[in-house]
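Data block below; observations after.
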2 protein chains.
Amino acid sequence: MSRWQPNAKGRLEQAALNLYQERGYEQTTVTEIAERAGLTERTFFRYFADKREVLFGGQENLLKTAVSAIETAPDTATPIEIIIAALEAVVPMFQERQEIARQRQSVIAANPGLQEREMLKLATLVSAMTNALRRRAVTDPEASLVANTGAIVFKTAYARWVGEPDAPDLSILIRASFDQLKRIISG
Amino acid sequence: MSRWQPNAKGRLEQAALNLYQERGYEQTTVTEIAERAGLTERTFFRYFADKREVLFGGQENLLKTAVSAIETAPDTATPIEIIIAALEAVVPMFQERQEIARQRQSVIAANPGLQEREMLKLATLVSAMTNALRRRAVTDPEASLVANTGAIVFKTAYARWVGEPDAPDLSILIRASFDQLKRIISG
DNA sequence: AAGCATGATGTCAGTTGCTGACATGACCAA
DNA sequence: TTGGTCATGTCAGCAACTGACATCATGCTT
């Protein structure tokens, strides 16, 4: 029999999400989270840089997937097409977890500090995609404009996907947002 | 002779900006800022909600100006034209203070926590502009897409304006960014 | 002129987020 | 068996932030 229960990080994430929902983010102390996970505060901070970070675990995977999609897009694709491909590459990571995504989102929506963190994560993603585009010889400021455009499209689609009870497929919403943006800007 | 030195808030802002530049944001304590301004830590927190907020004073003015520009745009303007007008309405608030803008930006660039706050401010602005557009009968998600597009355009222009030694006029850069975005998306 | 309300600031004590230093003890490899 | 490793615990401490109450110049009221 091993000394420690397995999956400490996952237990902390679960405990945090539950407590944030039950009492609200600010009313929850890190000590409480750790206790519910059967650990100590100090251990929480070994797994997560701060109290917010516990809600943003999947970020590195997301980033890798998006960057890798940009790197492997066909040479014939335009920058915008490359970005849309990156967004669609990332869709499956959400598709399965719609319920958890909704829980997370309602917690984040209730706290500005968490919204800050979410936007920093998004900005990190945009920055990584911008760099990936530059490596494909897309020049500045086009690379940055394209990456940011991708972020808007995704944000818009994601908001609908999380917000509507019987939302269409995420990749369909992405297409729809992009088409609408095209019409708005050219029109 | 009055009991207190005038302009406590301004003194705190100045002291904070200087100290963040001299020692870095994290190495500066709120007590140090207050001392340099001839006040106490407690008074700092009466003027600013937290240690970051001291760098984001002009925000409310900015927001009011942008929203008011949206409200007073001519009825013939398209949503995109309205947003561009809002961006240009805001230009004069930066134009005079390019040097301070550069100082602020270098401090913010050195600290992720400050970047978080800046993006929250930008998101607040986008949200206010979205609502202002809705009041002009622009429907969702178009209102949100347009406001976000404005934010990208401004961010791109602002980055160049702050980053290049002899940058062109900010409103020229806004036009340039918007034109380029149009080409990218339609192309 | 005396008294009184106001408002900006100070003082103090307390909670919580977060960190560094060191201790513990099951597991594993030599 | 021994000794190292690694996840966790323990403890002490700093800095951000808050609530409660004190101070006292200013200016209004009577």
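Among A:96, A:13, A:88, the largest mean-square fluctuation in a Gaussian network model of chain A, built with springs joining Cα atoms closer than 10 Å, belongs to A:96. Note on chain B: Rg/Rh from C-alpha atoms, Kirkwood Rh, equals 1.03.
Reducing segment B:51-95 and segment A:161-176 to their Cα centroids gives an inter-centroid distance of 31 Å. In summary, segment B:1-112 shows an alpha-carbon radius of gyration equal to 1.34 times the 2.2 N^0.38 Å reference for compact globular proteins. Partner shielding of B:75-81 amounts to 1, given as the average count of beta-carbon atoms from other chains within 10 Å of each residue beta-carbon.
Compute the acute angle (0 to 90°) between the alpha-carbon long axis of helix B:98-109 and the principal axis of greatest extent of the alpha-carbon atoms of chain B; round to the nearest 10°. So the helix axis and the longest Cα principal axis differ by about 80 degrees. Neighbouring Cβ atoms from other chains, within 10 Å of the Cβ of residues in A:114-121, number 5 on average.
Partner shielding of B:137-146 amounts to 4, given as the average count of beta-carbon atoms from other chains within 10 Å of each residue beta-carbon. Taking Cα atoms only, the orientation of helix A:170-186 departs from the longest principal axis of chain A by about 50 degrees.
Per-residue ellipticity at 222 nm from helix content only, as computed over chain A with -39500 (n - 2.57) for each DSSP H run of at least four residues, stands at -23000 deg cm²/dmol. What is the angle, in °, between the Cα long axis of helix A:112-135 and the longest principal axis of the Cα atoms in chain A? Nearest 10 is fine, range 0 to 90. The angle comes out near 40 degrees. The dipole here belongs to segment B:56-186: it is taken about the Cα centre, uses +1 on the Cβ of Lys and Arg and -1 on the Cβ of Asp and Glu, and is about 220 debye. As a quick test, which of the pairs A:64/B:121; A:64/B:182; A:9/A:155; B:9/B:121 have an alpha carbon distance above 22 angstrom in this structure? In this structure, A:64/B:121; A:64/B:182; A:9/A:155 exceed 22 Å between Cα atoms. Using alpha carbons only, the radius of gyration of segment B:8-50 set against its Kirkwood radius gives Rg/Rh = 0.92.
Projecting the Cα atoms of B:153, B:168, B:105 onto the charge dipole of segment B:87-187, computed from C-beta unit charges around the Cα centre, puts B:153 farthest toward the positive end. Derived from the Cα gyration tensor, the three semi-axes of the equivalent ellipsoid of the protein assembly as shown are 33, 32, 20 Å, largest first. Charged side chains reduced to their Cβ positions (Lys and Arg at +1, Asp and Glu at -1) give the protein assembly as shown a dipole of some 580 debye around its Cα centre. Working note: Cα gyration tensor of segment B:115-157, eigenvalues times five, square-rooted, sorted largest first, giving semi-axes of 20, 11, 7 Å.
FYI, it's all coordinate maths here, none of it is from the lab. Every value quoted in this text rests on a predicted model; they were computed, and no experiment measured them. In this analysis, Cβ positions are derived from the backbone assuming ideal geometry, glycine residues included, and neighbour counts consider all displayed protein chains.
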